[in-house]
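The structure under discussion appears below in the form of structure tokens.
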Amino acid sequence: MSNSQRSSPNILITVPSGVMLPSEDPSDLSPRMLMHPSHARTEAINQQVLGTPGVGKSTLAMQLAEKTGLEWLEVSRLAQQLGCLQEYDEVYQCPVLDEDKLLDNMEFMMGPGGKIVDYHGCDFFPERWFDIVFVLRTNNTLLYDRLTNRGYKDKKLEDNVQCEIFQTILEEAQRSYKAEIVHQLSSNTPEDMKDNLNNMAAWVDYWRDSHNTSIS
Ligand code: DAT
């Protein structure tokens, strides 16, 4: 088994090599230990997929939704559909999010569970919404190329690559949620994406088995 993979009795957890998991005790890797203990969801797990733009959140979340039946909520698109975008920020070349309005609209969606929330930030979301949080991480050179292909340039390109270098989103997640529910996943190659998809789907299965639920 490589340095980047550690197994629990039921689930394989993949972490970037050298990254420490919340506990050094391998027994803490069981899904039961790593899931949010105070959930009250009735239907299914709520997962969050986080990371700097370009790390692969949307591609992975869409595949996960197809594989599991969970609903993919792409927050940027949802905000646009719900009229939760304010004035345009010329410096960052994106509209400003009306967070309060978005949260009011999302509250009823999140309650029953079964959602994959995909966004590049998390500090304004209620902690109670999420059972498990995945932060995708990408090598800086690969990310630079992906963002350039997407048409990012100048300050926007530089800021986003720096955001990844300084692991800004990971630290935001670690400040926003309990350490045991936040997991980093490498997202450099198609093989990484496949592994991540399987691991995240395994959490959905685990939740269903342990709560005896299913999504029709
Ligand atoms: P995000 O939603 O985080 O902005 P994305 O899903 O749109 O990112 O992906 C950006 C691009 O990178 C897209 O062309 C797919 C590619 N990509 C994402 N994850 C990858 C991976 N693990 N290996 C190879 N390419 C990947």
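Carbon and sulfur atoms: what percent of the 1.4 Å accessible area of the range 156-216 do they account for? Don't jump to the answer; show the numbers that get you there.
Numbers: 1440 of 3090 Å².
Roughly 47 percent, rounded to a whole number.
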With charges only on Cβ, +1 for K and R and -1 for D and E, what is the dipole size of the range 56-134 about its Cα centre, in debye, rounded to 20?
400 debye
Per residue, how much accessible surface does the range 59-149 expose to a 1.4 Å probe? Answer in Å², no decimals.
50 Å²
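Restrict the search to the range 45-97; then list the GluC sites (Glu not before Pro) that DSSP places in a loop and that have at most 10 other Cβ atoms within 10 Å of their Cβ. Before the final figure, lay out the partial values.
Working: sites: Glu66, Glu71, Glu74, Glu87, Glu90; in loops: Glu90.
Loop-located and lightly packed - Glu90.
Report, please, the projected area of the range 115-216 averaged over directions, based on the convex hull of its C-alpha atoms, in nm².
On the way: hull surface 31.7 nm².
Its Cα hull, projected and averaged over all orientations, spans 7.9 nm².
Give me the number: length gained by fully extending Gln80 to Asn198, i.e. 0.36 nm times residue separation minus the C-alpha to C-alpha distance, one decimal in nm.
Numbers: separation 118, 0.36 × 118 = 42.48 nm, distance 3.02 nm.
Contour length minus the Cα-Cα distance gives 39.5 nm.
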For Tyr88, project a label point 7 Å along Cα to C-beta. Then give me every residue of the range 53-75 with its amide nitrogen under 12 Å of that point.
none
For the range 51-157, what relative contact order do you get, as a whole percent, if you take Cα pairs closer than 8 Å and at least 6 residues apart?
38 percent
Ordered by number, the trypsin sites (Lys or Arg not before Pro) in the range 106-207 that occupy a DSSP loop and have at most 11 other Cβ atoms within 10 Å are Lys153
Counting only residues 5 or more apart in sequence or on a different chain, those whose built amide H sits under 5 Å from that of Cys94 are Asp89
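Express the carbon and sulfur contribution to the solvent-accessible surface of the range 57-99 as a percent, rounded to the nearest whole number, probe 1.4 angstrom. Could the numbers behind the result be given before it?
On the way: 1180 of 2540 Å².
Ligands and nucleic acids excluded, carbon and sulfur give 46 percent.
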Report the chymotrypsin sites (Phe, Trp or Tyr not before Pro) located in the range 94-157 that are in a DSSP loop and have at most 16 other Cβ atoms inside 10 Å of their Cβ, or state none.
Phe124
Note: Met62 to Lys101 extended length (0.36 nm per residue) minus current alpha-carbon separation gives 11.6 nm
Per the 1/(1 + (r/R0)^6) rule, R0 = 22 Å and r from the Cβ atoms of Asp123 and Phe166, FRET efficiency to 0.05 is 0.90
Quick one: grab the alpha carbon gyration tensor of the range 51-170, order the square roots of its eigenvalues as a ≥ b ≥ c, and give me rounded if a/c is under 1.5, else prolate or oblate depending on whether a/b is larger than b/c.
oblate
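The values are calculated or read from the model by the stated rules, or taken from the named source; none is laboratory data. A quick note: this is a predicted structure, and the numbers were derived from the prediction, not measured. Because the Cβ atoms are built from the backbone with ideal geometry, glycine has one as well, and the counts that use them run over all protein chains shown. All accessible areas refer to the heavy atoms of the entire protein, side chains included, with ligands and DNA or RNA removed. Shrake-Rupley method; radii C 1.70, N 1.55, O 1.52, S 1.80 Å.
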